[in-house]
C-alpha cells in the first residue's frame, strides 16, 4: 500500500516523464499520439468514406478495397509495416512519426466507415431537394449533407477516439516510451513495486477513457441519436456493413435466396 | 528482383526455409488456438456478466457493472502484461514458482488477458440483446411455468443471440486480430514468429507480408461465415421484429 502511495506521489513521471529536460513520455504522449492520428485520420477518413459511396464504380471499389484491407489487418501489423517499410522506401522517419502515421492509417480506415454510415443515414430527400434547388452534387454535399452527417457521426467519433486512445498503448512495442512503457520500466527497475506501477498505469488509462466514454454518452443523450439505455438491437444489424468484406461479396451473400 | 528503386532485395525463399517455416507454422497454429479458445471463454464469461448486469439483485448487478467499466476503459495490452508479469505474484507462494517454471505460461497469460479484455465488450453486446427482447416474450415464458433459469436458457438467450450475431461476430474478428498483441508477452504466435525472423535475418518484409495476407484472409473468411450464419437464422429475426410491432 505504501508502495502504491509512493508511486502515486510520483504522478508527474507517469504523466509527462522528464519532459522539460528530456523527451515527452507517459500519458501525455498517448494523448498527443491519439489526437494527432485522429485528426490526420479524419482528413483521409472523409476522403475514403465519401469515396466508398461515390457513384463511380472504380472509385467506390478501390476505396472499399483499401478500407477493408486496413480494417482486417491487426494494428500491430500496420505498425510493423510502417516500421519496416518506410526505411525501405528511403524515408527515415523518427519513431514518433512512424507511430503517428501507422495510427492515422488505422484511424482513417475506421473513420471512413463512420463517415460512410453517417452520410448514408442522412435522408435521401435532402440530396434530392438540394439538387432540385440547382446546387451541384459537390455543393450539396458540402453545405447540406455533411453538416447533418457530422451531427450524426459525433458520438461514434468520440467512442472511436476512446478506442484509438487505448490502441495507442500498442506502439510501445516499437520502442516509444508511452504510459505502458513507463510502467514497464519502473516495474523492471524496482521489481517489488511492480504491482503499484501497474495500478498507476491502469489508473492513467482508466481516467482518460472513462471521461471519454462519459462524454460519448452525454453527447448521445444530448443529440438524442442513440439513447444508451433504449438502444434497440435491430440497429445492431446495421453492423453488417461494418464487417470487413468487399461490397460485392456482401451483395452476393445477402441477395442470394 | 528489384523494382521501385527500393534498397531491398526480396528473397521469397526465407519464409520457406527451416527453422523459419517451423516457427511460422507453430505461430499460425497458436494464433488459431488462442483466437478460438478466447472466443469461447470470453463468450461464456461475457454472457455470465451480461446476465448479472440485467439482474435486479444489487449484489450481482454492481460487481458486473464495475467489472465492465474497469475492463472496457483499460487497453487490452495492459491485461496481457498484467496476467503475464503481475498475476503470478499475486498467487500464494507455491503457485508462483510453479507458474514461473512452466514454459508455456505465456500462452495461458495471453488467453487469460484476451478473455478478460474481450468479455467486457461481449457482455455489453449480449446485454443490448437481452434488453431488446420484448417484454411479452418473457411474460409468455413466465405464464408457461418456466422458472427463472429456464427462462434465461430457453427464451432469453436464444433470442438475444440471434439479434446480436453481427456485432458479436465483429467483436470476435477484433479478438482474432487482437491475438497479435500476445507477442508483447512473447507468446510464440504468428506476429512473434515474424518478428523473430526479422531479428535474425533482417528480412522482415516477406514474412510480414505473408502474415498480413493470413490475417486479412482469415478475417474475411470469418466475416463471410457470420453473414452465412445470420442468413440462416434470419427467419426467426424477422418474426421477432414483426411481433414487436
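Read-outs: derived from the displayed coordinates by stated rules, not from any lab. Remember, it's a predicted structure, so these values are computed and weren't measured experimentally. Reconstructed Cβ throughout: ideal geometry from the backbone, glycine too, with neighbour counts over all protein chains shown.
For the residues of B:131-137, the average number of beta carbons from a partner chain within 10 Å of their own beta carbon is 2. Think of it as helices only: each DSSP H run of n ≥ 4 in chain A is worth -39500 (n - 2.57), and spread over all residues that comes to -23000 deg cm²/dmol at 222 nm.
I want to make sure I understand the PRE zone here: with the label point 7 angstrom from the Cα of residue A:43 toward its beta carbon, which residues in region A:100-118 have backbone N atoms less than 20 Å away? It comes to A:100-116, nothing else.
The convex hull around the C-alpha trace of chain B, projected and averaged over every direction, spans 18.2 square nanometres. What translational diffusion coefficient, to the nearest whole µm²/s, does region B:114-245 have by Stokes-Einstein, given a Kirkwood radius computed over alpha-carbon pairs, a temperature of 20 °C and 1.002 mPa s viscosity? Rounded, D is 121 µm²/s. Computed from Cα positions, the angle between helix B:20-54 and the longest principal axis of chain B comes to roughly 20 degrees. In this structure, residue A:185 and residue B:137 have a Cβ-Cβ separation that, at R0 = 56 Å, corresponds to a calculated FRET efficiency of about 0.55. Working note: Debye formula, equal point scatterers on the alpha-carbon atoms of the protein assembly as shown, no solvent; log10 I(q)/I(0) at q = 0.05, 0.07, 0.12, 0.13 Å⁻¹ is -0.21, -0.42, -1.25, -1.45. Within the listed set A:51, A:90, A:183, the Gaussian network model of chain A (springs between alpha-carbon atoms below 10 Å) gives the highest mean-square fluctuation for A:90. Largest GNM mean-square fluctuation across A:166, A:190, A:221, computed for chain A with C-alpha springs under 10 Å, falls on A:190. Highest GNM mean-square fluctuation among B:139, B:159, B:69, for chain B modelled with Cα contacts below 10 Å: B:139.
With all projection directions averaged, the alpha carbon convex hull of chain A covers 18.7 nm². Peptide B:67-76 shows a mean partner chain C-beta count of 6 within 10 Å per residue C-beta.
Ranked for footprinting exposure by Cβ neighbours inside 10 Å, fewest first, A:11, A:206 give A:11, A:206.
Computed from the Kirkwood radius of its Cα pairs, the Stokes-Einstein diffusion coefficient for region B:45-184 at 10 °C and 1.306 mPa s stands at 94 µm²/s. Contact order for region B:19-244, expressed relative to its length and based on alpha carbon pairs under 8 Å spaced 6+ residues apart, stands at 28 percent. Specify the angular offset, from 0 to 90 degrees and rounded to the nearest 10, of the alpha carbon long axis of helix A:57-71 from the longest principal axis of the alpha carbons in chain A. Once rounded, the angle reads 20 degrees.
For chain B, the longest principal axis of the C-alpha atoms and the axis of helix B:165-178 are separated by about 30°. Along each principal axis, taking the top coordinate minus the bottom one, the Cα set of region A:20-135 gives 60, 32, 23 Å in descending order. Seen from every direction in turn and averaged, the convex hull around the alpha carbons of region A:115-196 projects onto 7.8 nm². Remark: spin-label model distance residue B:18-residue A:136 equals 6.6 nm, labels positioned 7 Å along the Cα→Cβ axis. When only Cα pairs below 8 angstrom with a gap of at least 6 residues are kept, region A:73-161 shows a relative contact order of 27 percent.
For Cα pairs less than 8 Å apart in space and 6+ apart in sequence, what is the mean separation divided by the residue count of chain A, i.e. the relative contact order in percent?
On the way: 276 pairs, mean separation 66.5, N = 257.
Across chain A, relative contact order equals 26 percent.
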